[in-house]
Structure formats: structure tokens, C-alpha cells
1. Okay, helix-only estimate at 222 nm for the chain: each DSSP H run of n ≥ 4 adds -39500 (n - 2.57), divide by all residues, round to 500 deg cm²/dmol; what do you get?
2. Decide, for the range 1-142, between rounded, prolate and oblate: order the square roots of the alpha carbon gyration tensor eigenvalues as a ≥ b ≥ c, take rounded if a/c falls under 1.5, and otherwise choose prolate if a/b is larger than b/c, else oblate.
3. GluC sites (Glu not before Pro) within the range 93-164: which are DSSP loop residues with at most 16 other Cβ atoms inside 10 Å?
4. Under 21 Å between alpha carbons, and skipping anything fewer than 8 positions from residue 149 in its own chain: which lysines qualify?
5. Below 8 Å between Cα atoms, with a sequence gap of 6+, how large is the relative contact order for the chain in percent?
6. If you take every DSSP beta bridge whose two residues both sit in the chain, what share of them, in percent to the nearest 5, is antiparallel?
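What follows draws every value from the coordinates through simple rules; no lab data is involved. These figures come from a predicted structure and were not determined experimentally. Cβ coordinates were reconstructed from backbone atoms using ideal geometry, including for glycine residues, and neighbour counts include every protein chain displayed.
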Amino acid sequence: MNDKKNIFVIIGSASSNSANLKLVEEIARLTANELNLRVYDELKSLPHFDPELSTDNPPKQIVELRNEIEKSDGLIICTPEYVFSIPSGLKNAIEWCISTTIFSDKPSGLITASASGQKGHEELQLIMKTAMAKFTDETCLLIQGIKGKFDEQGNLIDNETKKQLDKFIDALMKLTDEK
């Protein structure tokens, strides 16, 4: 019997060598026995949001994205901050989903991992609260100075970040259990 939770993970960075992706790989390693992570790092391929297509005739990639979110037991968004905001590709993906109810009460973990990240993290929480996602203070994590927390091989070397990740993972697993 497989009672692992299925978590859909959206990487907000457009970079193929993203510290956010490394962070998600660390989460996957730490939760391999408890969670199945489906990592989505294809924001660059999504068309620009078009409200006229959003409800009646969404593009195939949007339907697929929505289906992945809907069928998951939970959601993690892991993103950098760009110019004191969330990246445009992430905002675009979220906008395509707003006309639906797929975020409503969806157990969610929101991670902003960037140089500073504070404003982007606040914005991400506001947007996901507006979308009615279900998250708590414990499932929101701001990691500042993310690039310095990994060694050249991509290993997380910062002990405080490791502790924060453990707490975040525990809180997200509890939140998905409440569903």
C-alpha cells in the first residue's frame, strides 16, 4: 500500500541552474519515504495569460498544469524574488489558474529563496491567500542568501536552513493530513 502524499512543486525560477531547484531536490531527498514530488519547472513554456481563453478555451499546457495541481494532495511553490516581486512566469501561471477553484483549500507550502526575498515572499502569500490556498506560518519559508547555503556540488551546507526545512516539511505533511 502506497500512502505517500503527492505534492506538486512549482519552481518559480526560469534558470536551469536555480538555487530553488537545488532546494527542492533537497526536499525530495529528505521526504523520499513520505512524499512523491512532481516538479514543474516549465513556466517558460506557458503562453501569456489571456483572460478570454482562461475559462472557455484554455491552451493545452494550461489544462495540464491545472490538472496536475488539482489531482495533487498538496502544493509547494519555491521561487526567487525578482525586483521585489515574484517572477513574471510564476505570476503568469497563477493567473491562468485564478478563474478555477484549484487553489481553494489546497494544502500549500510557500518558499521564497533569494538574496533578500522579503517583498516577493509577502506578495506570494498575498496572492495565494487571495486564491484561497491553505497555508500556515509554518508552511511559509523565507530563505535569504540562498546561493551561499549550497556548496559547489549542490549540497545544502547551512545547518539553520536544514532545521527550517525540517520544520517546513513537518508542517506541510500535517497540513496535507488534515485534507
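1. On the way: 6 runs with 70 residues, N = 179.
Theoretical 222 nm ellipticity from helices: -12000 deg cm²/dmol.
2. Numbers: a/c = 1.44, a/b = 1.12, b/c = 1.29.
Note, shape of the range 1-142 comes out rounded.
3. On the way: sites: 95, 122, 123, 138, 152, 160; in loops: 152.
Sites meeting the loop and neighbour criteria: 152.
4. Output for residue 149: 22, 119, 162, 163, 167.
5. Working: 293 pairs, mean separation 41.2, N = 179.
Relative CO of the chain lands at 23 percent.
6. Values: 2 of 24 bridges.
If we restrict to bridges inside the chain, about 10 percent are antiparallel.
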